[in-house]
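The values are calculated or read from the model by the stated rules, or taken from the named source; none is laboratory data. Owing to the predicted nature of the structure, the values given are computational and were not obtained by experimental measurement. Cβ placement follows ideal geometry from the backbone for every residue including glycine, while neighbour counts extend to all protein chains displayed.
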Amino acid sequence: MPRPILATVHTEALRQNLQALQVAAGDARLWAVVKANAYGHGIERVFEGLRAADGFALLDLHEAQRLRALDWRGPILLLEGIFEARDLELCSRLGLWHVIHCNEQIDMLAAHKTQLPQRVFLKMNSGMNRLGFKPERFRAAWTRLNALPQVDEISLMTHFSDADGPAGVAAQFQAFEAATHDLPGERTLSNSAALLRHAEALAERSDWVRPGIAVYGSAADFPQHSAGHWGLQPAMTLSSKLIAVQQLETGDSVGYGATFTADRAMRIGVVACGYADGYPRHSGTGAPVLVDGVRTRLLGRVSMDMLTVDLSPVPSAGIGSEVTLWGTSASGAVLPIDEVAAAAGTVSYELMCAVAARVPFAA
Ligand SMILES: *Cc1c(COP(=O)(O)O)cnc(C)c1O
């Protein structure tokens, strides 16, 4: 028998999450963000559940090729644009729309020989300070692009740094508006958190929205809200089984470093899942786990191939019992990935992207 760990991608959950986000988006069209191999789910595995999207956004040219190989003929947006001049040939060949965030990309475009003018998304750095032109340099970049025969349509874009937090989107939106209000072109502003929390404030400037994490069933603003609050379901379940059971007496400890010591007699289960599967090693005693759909807790340190759980709430559990590390159990009980991530001091994005190559996937 193969080792029992398994990642399952839920097509129906993706479909329903997409639908919920389309409702939130109102009249805006929606890019499903599938960068980083669809946040670790696998582009080919999510495609069926997301094919009702208006477009796909990603940043790796190979991933764009994979989408075209699936016969996706609709829009594809390269979120970081081109990395070198010859990428423009692929943009022409595959009909990719691409972000322009720096003058060097405009230089490459100006030198590009093409019959087909390209659609570009000019990106403003409205405060995130990663990619884009500062507001005071934006118009000059737009004017330069607008004069190029290589350019077809220019759309305008920015990205929020705190759409899920206390700062919100107001200041960045204001900076964007002030510098662009009289420029023509479609706008795309919102990630998941902006779409879920600030759709109304941004509605007038939302021709396209760009949700990623919410598509996969994470809340985007956890712990203020849960995925359930937004009507989102886990698109991925990471499951395994108990491969051993131990009886602890008072004073017995568990695992490397003996970081957990029993203060009473208790049964514990050993799960075939460790940090070499992508489960966060920074997690520890108290992190939530489901055994046979019943919520219990991790005990002690996560090791490479195993972790241990408290079986006190599930006395019937034994070798072979189902363990849900995150996602949905066979009984339908849900363990939100956001809660598992919080217990490990990280975010759901990192857990989804970190599922290791040795974990088999079922779709
Ligand atoms: C990743 C990304 C998104 C999606 O962000 P989520 O927080 O996952 O919704 C949107 N826009 C850009 C530019 C991105 O890089």
**Request:** Read through the list (1) closer than 22 Å to ARG205 by Cβ; (2) surrounded by fewer than 23 Cβ atoms within 10 Å (Cβ to Cβ); (3) under 16 Å from the mean Cα position of the chain (by Cα), then give the number of the only condition that ALA57 fails.
**Result:** (2)
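Looking at region 207-226, which of its residues are of a type outside the set (Phe, Trp, Tyr) and within 13 Å of the ligand (Cβ to nearest atom)? Walk me through it before giving the result.
First, pick out the residues of region 207-226 that are of a type outside the set (Phe, Trp, Tyr): 207, 209-215, 217-221, 223-226.
The answer is VAL209, ARG210, PRO211, GLY212, ILE213, ALA214, VAL215, GLY217, SER218, ALA219, ALA220, ASP221.
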**Item:** Flag if LEU238 is more than 16 Å from the ligand (Cβ to nearest atom), within 25 Å of ALA38 (Cβ to Cβ), at pLDDT 95 or above and not in a loop (DSSP other than H, G, I, E, B)
**Value:** yes
**Asked** When only residues in region 241-258 that are assigned to a loop (DSSP other than H, G, I, E, B) and out of contact with any Asp or Glu (no Cβ under 7 Å at 6 or more places or on another chain) count, which is surrounded by the most Cβ atoms within 10 Å (Cβ to Cβ)?
**Response** GLY255
**Residues within region 193-206 that are over 16 Å from ASP54 (Cβ atoms) and within 10 Å of the ligand (Cβ to nearest atom), tallied** = 3
**Asked** So is ASP182 free of Cβ contacts under 8 Å to residues at least 24 places away in the same chain, assigned to a loop (DSSP other than H, G, I, E, B) and within 14 Å of the ligand (Cβ to nearest atom) or not?
**Response** no
**Complete:** Residue pairs qualifying under the 7 Å Cβ cut-off, at least six apart or on distinct chains, with the first in region 81-110 being among the hydroxyl-bearing types (Ser, Thr, Tyr) and the second being modelled with pLDDT under 95 and in a loop (DSSP other than H, G, I, E, B), are SER92/THR114; SER92/LEU116
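Can you spot a residue in region 39-46 that is touching a Cys at 6+ places or on another chain (Cβ under 8 Å), modelled with pLDDT of 95 or more, under 16 Å from SER218 (Cα atoms) and in a helix (DSSP H, G or I)? Working first, answer last.
Of all residues in region 39-46, those touching a Cys at 6+ places or on another chain (Cβ under 8 Å) come to 39-40.
Now restrict to residues that are modelled with pLDDT of 95 or more: 39-40.
Add one more test, that the residue is under 16 Å from SER218 (Cα atoms), and what stays is 39-40.
Checking the rest, the ones that are also in a helix (DSSP H, G or I) come to 39.
Within region 39-46, one or more residues are touching a Cys at 6+ places or on another chain (Cβ under 8 Å), modelled with pLDDT of 95 or more, under 16 Å from SER218 (Cα atoms) and in a helix (DSSP H, G or I).
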**Request:** Please identify the pairs in which a residue from region 62-74 that is touching a residue at least 24 places away in the same chain (Cβ under 8 Å) and more than 20 Å from ARG86 (Cα to Cα) has its Cβ atom under 6 Å from the Cβ atom of a residue that is aromatic (Phe, Trp, Tyr) and buried (at least 18 other Cβ atoms within 10 Å of the Cβ), counting only partners at least 6 apart or on another chain.
**Result:** LEU70/PHE47
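Kindly indicate the residue of region 1-47 that is of a type in the set (Asp, Glu) and more than 26 Å from ASP207 (Cβ to Cβ) and also surrounded by the most Cβ atoms within 10 Å (Cβ to Cβ) among those meeting that condition. Step through it out loud before you land on a result.
Keep residues of region 1-47 that are of a type in the set (Asp, Glu), which gives 12, 27, 44.
With the extra rule that they be more than 26 Å from ASP207 (Cβ to Cβ), the set shrinks to 12, 44.
Details: GLU12: 11, GLU44: 16.
So, considering only residues that are of a type in the set (Asp, Glu) and more than 26 Å from ASP207 (Cβ to Cβ), the one surrounded by the most Cβ atoms within 10 Å (Cβ to Cβ) is GLU44.
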**Request:** Would you check if there is a residue in region 66-80 being more than 22 Å from the chain's Cα centre (by Cα), within 19 Å of GLU186 (Cα to Cα), surrounded by fewer than 16 Cβ atoms within 10 Å (Cβ to Cβ) and among the acidic types (Asp, Glu)?
**Result:** no
**Complete:** Only unsatisfied item for THR158, checking (1) surrounded by fewer than 23 Cβ atoms within 10 Å (Cβ to Cβ); (2) of a type in the set (Ser, Thr, Tyr); (3) within 16 Å of the ligand (Cβ to nearest atom), is (1)
